[in-house]
Amino acid sequence: MNILHISAVKNWGGGENHIENLCLELQRSNPEVTNLILCTRGKKFHQRLTVSELDHETAPLKVNFDPRFIYKIGSLCKSRKIDLIHLHDPRAMALAVFADKFFDLSPFVFSKKISFPVKKRKQTLYKYNYPKIKKYLCVSNHTKDIMAEAVKDKEKLKTIYHGTRIDNKSDKTSFLLREQFDLAPQDTIIGNIANHHRAKSLETFIQVADHLINKKGLKDFHFIQIGTFTERTAALQEKVKELNLEQNVHFLGYTPRASNFLPQFDITLITSSNEGMPQVIYESFYHKVPVVSTSVAGIPEIVKNGETGFLADKFDFLKLSDLILHVKNNPEEMKAITERSRKALLENYTTTKMAQKTLAEYKKIVYGL
């Protein structure tokens, strides 16, 4: 079986991590399945793949319907005898639909990785209900419900949680956070890993820091945020400066192997206002780092409040602050919670399980099994 994975995303994020994990798992467990990744030339995913063992091709994508990218899809399908095309983002979907008009491509599978509703525009609904799409793989039940509002054939919807790889976990980093920022052993590191997009609501991250450090006077709390800078970054940095938090709030920007820093966090704080399913939750579970998160999208399906982590409503920085204090002040309770969260991860949310469930859907489409 020959699978073509298409990504038209320019940054590195959870979606690209999912593609990498899926292909690596299938390469290891099912070598009879060949996986080829087509990505945007010169962007972060391409850079990542150049140092990986995964088979990949690239094409320029300067405009939404760059004919060079479209032609590349068609030529790869012909030369590599592709049986199934796995589309990993909406732009990839649009490009494949367009390419199909010229090349009569193989069937599609689409991964829905975020919980933003599908716009009810005629052109958008046509794309999402394109007959070549045989299955919609949703990252959570919440995302599946969102897709059900746009997809006519509900039988095509399937929830497959992404999970995390177990075999590549490491705590090796190019520097130590405590040394980098001259932190004492008793200082508390509250970490966040997310690119600087609106849905991550990093403004709430700063509000939590302001409340605990400036309002509560907890100068031994340090907030460290890792993720790709965007056009939103300057305003975030300016807010930190305005609140005199520069000694306690640090934005590291894009950092390779960011998850390796997780064991150096005392608490993982997720402040998203919308999500798919943050990979950092699974990775925090693995490293036994307590999770405090907003209760949005599919997150409550994984983080069980008071059992495997703690939840607050989106934008509720006061509740998030209280939960952080609860985690800080109850170390014995946290030992039990992080044990449960790691157990839940190993039993339900590994990329091995994700890959096999995905492969089962591939086989249904290609072989009718």
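Any idea which residue in segment 160-170 is modelled with the lowest pLDDT, counting only those that are under 24 Å from ILE299 (Cβ atoms) and open to solvent by 30 Å² or more (accessible area, probe 1.4 Å)? The extreme case among them is ASN168. Does ALA194 satisfy being in contact with a Pro (Cβ under 8 Å, 6 or more places away or on another chain) and crowded, with 17+ Cβ neighbours inside 10 Å? When the stated conditions are applied, ALA194 passes them.
In segment 219-291, which strands (runs of 3 or more DSSP E) lie fully inside it and hold 3 or more residues that are in contact with a helix residue (DSSP H, G or I) (Cβ under 9 Å, 6 or more places away or on another chain), farther than 18 Å from THR308 by Cβ and open to solvent by less than 40 Å² (accessible area, probe 1.4 Å)? Lay out the reasoning, then the answer.
Numbers: elements: 221-226, 249-253, 267-270.
Of the strands (runs of 3 or more DSSP E) lying wholly inside segment 219-291, those with at least 3 residues that are in contact with a helix residue (DSSP H, G or I) (Cβ under 9 Å, 6 or more places away or on another chain), farther than 18 Å from THR308 by Cβ and open to solvent by less than 40 Å² (accessible area, probe 1.4 Å) span 221-226, 249-253.
Scanning segment 54-80 for residues that are open to solvent by 10 Å² or more (accessible area, probe 1.4 Å), touching a strand residue (DSSP E or B) at 6+ places or on another chain (Cβ under 9 Å) and among the aromatic types (Phe, Trp, Tyr) yields a single hit, TYR71. The single condition among (1) surrounded by fewer than 20 Cβ atoms within 10 Å (Cβ to Cβ); (2) touching a Phe, Trp or Tyr at 6+ places or on another chain (Cβ under 6 Å); (3) touching a residue at least 40 places away in the same chain (Cβ under 8 Å) that ASP83 does not satisfy is (2). Residue-level check: of (1) in contact (Cβ under 8 Å) with a residue 60 or more places away in the chain; (2) over 22 Å from LEU22 (Cα atoms), SER293 misses just (1).
Based on this model, can you work out whether THR358 counts as of a type in the set (Ser, Thr, Tyr), farther than 26 Å from GLU179 by Cα, modelled with pLDDT of 95 or more and buried (at least 17 other Cβ atoms within 10 Å of the Cβ)?
Numbers: of a type in the set (Ser, Thr, Tyr): yes; farther than 26 Å from GLU179 by Cα: yes; modelled with pLDDT of 95 or more: yes; buried (at least 17 other Cβ atoms within 10 Å of the Cβ): yes.
So THR358 passes the test.
Just a yes or no: is a residue in segment 298-306 crowded, with 21+ Cβ neighbours inside 10 Å and farther than 21 Å from GLN207 by Cβ? Checked against the condition, which is being crowded, with 21+ Cβ neighbours inside 10 Å and farther than 21 Å from GLN207 by Cβ, segment 298-306 yields at least one hit.
Quick grid of which residues meet (1) in a helix (DSSP H, G or I); (2) more than 22 Å from TYR130 (Cα to Cα); (3) free of Cβ contacts under 8 Å to residues at least 40 places away in the same chain:
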residue: ARG28; (1), (2), (3): yes, yes, yes
residue: LEU38; (1), (2), (3): no, no, yes
residue: HIS46; (1), (2), (3): yes, yes, yes
residue: SER52; (1), (2), (3): no, yes, yes
residue: ILE73; (1), (2), (3): yes, no, no
residue: ARG91; (1), (2), (3): yes, no, no
residue: PHE98; (1), (2), (3): yes, no, yes
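The single residue among GLU242, GLU231, GLU203 that is over 28 Å from the mean Cα position of the chain (by Cα) and either within 24 Å of ALA297 (Cα to Cα) or acidic (Asp, Glu) (or both) turns out to be GLU242.
The values are calculated or read from the model by the stated rules, or taken from the named source; none is laboratory data. Please read these numbers as outputs of a predicted model, since none were measured by experiment. With ideal geometry, Cβ positions are generated from the backbone for all residues, glycine too; neighbour counts draw on all protein chains shown. SASA here: full protein model, heavy atoms, side chains in, ligands and nucleic acids out. Shrake-Rupley method; radii C 1.70, N 1.55, O 1.52, S 1.80 Å.
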